[in-house]
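Accompanying notes for the structure given below.
The values are calculated or read from the model by the stated rules, or taken from the named source; none is laboratory data. Only a predicted model underlies this, so the values are computations on that prediction, with no experimental measurement involved. With ideal geometry, Cβ positions are generated from the backbone for all residues, glycine too; neighbour counts draw on all protein chains shown. Calculation scope for accessible area: heavy atoms of the full protein, side chains included, ligands and nucleic acids excluded. Shrake-Rupley method; radii C 1.70, N 1.55, O 1.52, S 1.80 Å.
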Amino acid sequence: MITVDEALELVLDGLLPLGPERVPLPEAAGRVVAEPGLAAVDLPPFDRSAMDGYAVRAADTAPGVALRLAGGVAAGEVAVAELEPGTAARVSTGAAIPPGADAILQSELAEERNGSVAPTRALTPGAHVRRRGEDLTAGTVLAAPGDRLTLTRISSLASAGVGEVAVHRRPRLDLIVTGSELLPIGAPPEPGRIHESNGLMVRLLAGRAGARVVDHGVIGDDRDTTVAAVTEGLQGDVLVVSGGVAVGPHDHVKPAFEACGVEEVFWRVRIKPGKPLWFGRRGDTLVFGLPGNPLSTIVCFCVFIEPALRRLQGEMDARPRYEAGRLTAPARAADNRTTFLTAALRPGADGVLEATPTERQGSHMTGALGESDGFAVAPRGSDLPAGATVELLLL
C-alpha cells in the first residue's frame, strides 16, 4: 500500500488544465482564466465629472466673478458645442465634460442666481475631472492566465467593456454505480437490499468542484454489463465507478478496467476509510474505482478526485481543502493508516475550529456521518491528546 500523499501525487502527476472555452462573463465567476482578459475600453472612457456642479474653464474662475450658464450635461449625454469663455454648464457626477472645459466647480462652492453662477474660489485645471484612461487603457490585462475570476475581477472586466472571457473547460465526469443490491433513493425497503447514496454524493461533490456529470446510473453485478458501461464512461475526462473494486466473485470493475485498456497506477492506500481505492488512466482519462461504503466515497472524493478536477480547471496548486483545528478529546489513527474521523466542528472561544470525534467510528457508520460536520485527520501512527492541532476536512 502507498501513503495518502504518495497516492495524491500519482493522481496529479503530469495533470494539465483542460483547453480554453469562451463563456459569457456572468457565467465565469469562480472559474480560472485560460487566456488574458483584456480591457476593451479606456477607463474612464471619456473625460468625466467627479462631482455634481458646473463644468468651467479654470482660467475664468475667480471669487465672486459670475459665469453665464450655458445649458447642462447629464450622465449619459454628450455635449457637442464647445464651452465658450466666461460660461459654465451644469454637470452631474459621471457626466462627460463639454469640450473646452477643464475643471468642475462643485455645487457647494458656487452661488447660482439670475442665469449665472459665481465660484467662491478660483479653480486649477483638472479640478474634479476624471481624465480618459487615467484608471486604465484598452488592452490592459485585468485577468491573467491562472487567475481565479473573483467577483472583484468580474466587476473590473465588466466595467472595462468585456462581455466574455476564455476559461479552462469544465471537466466531464462520467459516473457508474455498481451493485445488484442497491435500491433507488426513497424506494420501499426490500429484503437483502440497501438504498443507494454514493451516486448522489459523487454528483453533489462533483458539481461543487465544477465538473459536468454524466450519470450512467446503477448497473448490476454482471461482467458484460460492467464492461459496456466502462467503455461508454471512458469518453469523458474522469470516470468514477462506485463499488465492485474488491476481488470477490461479484466484483467485475477491475477486470472491466483491464478489458477496456485502463492502466492501473495504484490499488489500495493507507487511508481509513477508503483503503481499497483504485486509480488508473487510459490516455488522458483519469479512472477511479471507489469503495462501496458512503464514508469511503466521500473521503476519497474530497482527498483525491476533487483536487484532480480543480487541476483540470486550471488550479495548479490544487490540494484537499484542509483547515487547521484542534481536538477536544484524544484521538488516534487506526491500523497504521491516515484516519479520517467523523467529527462535530465548532468554533472555540478564540475562533479556532474545535473537533469532537463522534463516539462511533468506522467506514460503515453512516449514522455517525450524519452527526458530524466533517472529518478530523489523524496521521498514520499518531496517538493525539486533547488539544492537539489537527487538519480538518470540512463538508
Quiz item: Any residue at all in the range 323-341 that is touching a residue at least 12 places away in the same chain (Cβ under 8 Å), within 30 Å of ALA28 (Cβ to Cβ) and not hydrophobic (A, V, I, L, M, F, W, C)?
Solution: yes
Quiz item: Quick one: GLY199 ticks every box in (1) in a helix (DSSP H, G or I); (2) out of contact with any strand residue (DSSP E or B) (no Cβ under 7 Å at 6 or more places or on another chain) bar one, so which box is it?
Solution: (2)
Self-check item: So THR342, is it touching a helix residue (DSSP H, G or I) at 6+ places or on another chain (Cβ under 7 Å), assigned to a strand (DSSP E or B) and over 30 Å from GLY220 (Cβ atoms)
Solution: yes
Quiz item: Which fully enclosed strands (runs of 3 or more DSSP E) of the range 107-185 have 3 or more residues being within 20 Å of GLU27 (Cα to Cα) and open to solvent by less than 60 Å² (accessible area, probe 1.4 Å)?
Solution: 164-168
Exercise. Scan the range 361-374 and give yes if some residue there is out of contact with any strand residue (DSSP E or B) (no Cβ under 6 Å at 6 or more places or on another chain), under 30 Å from PRO36 (Cβ atoms), charged (D, E, K, R) and outside any strand (DSSP E or B), otherwise no.
Key: no
Quiz item: So which residues in the range 56-84 are in a loop (DSSP other than H, G, I, E, B) and within 11 Å of PRO119 (Cβ to Cβ)?
Solution: THR61, ALA62, PRO63, GLY64, VAL65, ALA66
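This table checks each residue for (1) at pLDDT below 95; (2) touching a Leu at 6+ places or on another chain (Cβ under 8 Å); (3) under 25 Å from GLU6 (Cβ atoms).
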{"position": "ARG310", "(1), (2), (3)": "no, no, yes"}
{"position": "ARG326", "(1), (2), (3)": "no, yes, no"}
{"position": "ALA329", "(1), (2), (3)": "no, no, no"}
{"position": "ASN336", "(1), (2), (3)": "yes, no, yes"}
{"position": "PHE340", "(1), (2), (3)": "no, yes, yes"}
{"position": "HIS364", "(1), (2), (3)": "yes, yes, no"}
{"position": "ALA386", "(1), (2), (3)": "no, yes, no"}
{"position": "LEU394", "(1), (2), (3)": "yes, yes, yes"}
Quiz item: Just wondering, is there one or more residues in the range 217-232 that are open to solvent by 50 Å² or more (accessible area, probe 1.4 Å), part of a helix (DSSP H, G or I), touching an Asp or Glu at 6+ places or on another chain (Cβ under 8 Å) and closer than 19 Å to PHE304 by Cα?
Solution: no
Quiz item: Do the conditions hold for ALA29, that is, is it touching a residue at least 12 places away in the same chain (Cβ under 8 Å) and not in a loop (DSSP other than H, G, I, E, B)?
Solution: no
Quiz item: Does the range 91-105 contain at least one residue that is touching a helix residue (DSSP H, G or I) at 6+ places or on another chain (Cβ under 8 Å), modelled with pLDDT of 95 or more and within 20 Å of VAL78 (Cα to Cα)?
Solution: yes
Quiz prompt | Flag if LEU25 is at pLDDT 95 or above and open to solvent by 30 Å² or more (accessible area, probe 1.4 Å) | solution = no
Quiz item: Of the residues that make up the range 340-361, is at least one surrounded by fewer than 18 Cβ atoms within 10 Å (Cβ to Cβ) and within 25 Å of GLU9 (Cα to Cα)?
Solution: no
Quiz item: How do the pairs read when you match residues in the range 138-164 that are on the phi < 0 side of the Ramachandran plot and of a type in the set (Val, Ile, Thr) with residues anywhere that are open to solvent by 50 Å² or more (accessible area, probe 1.4 Å) and in a strand (DSSP E or B), using Cβ under 8 Å and keeping only pairs 6 or more apart or on different chains?
Solution: THR140/LEU38; VAL141/LEU38; VAL162/LEU38
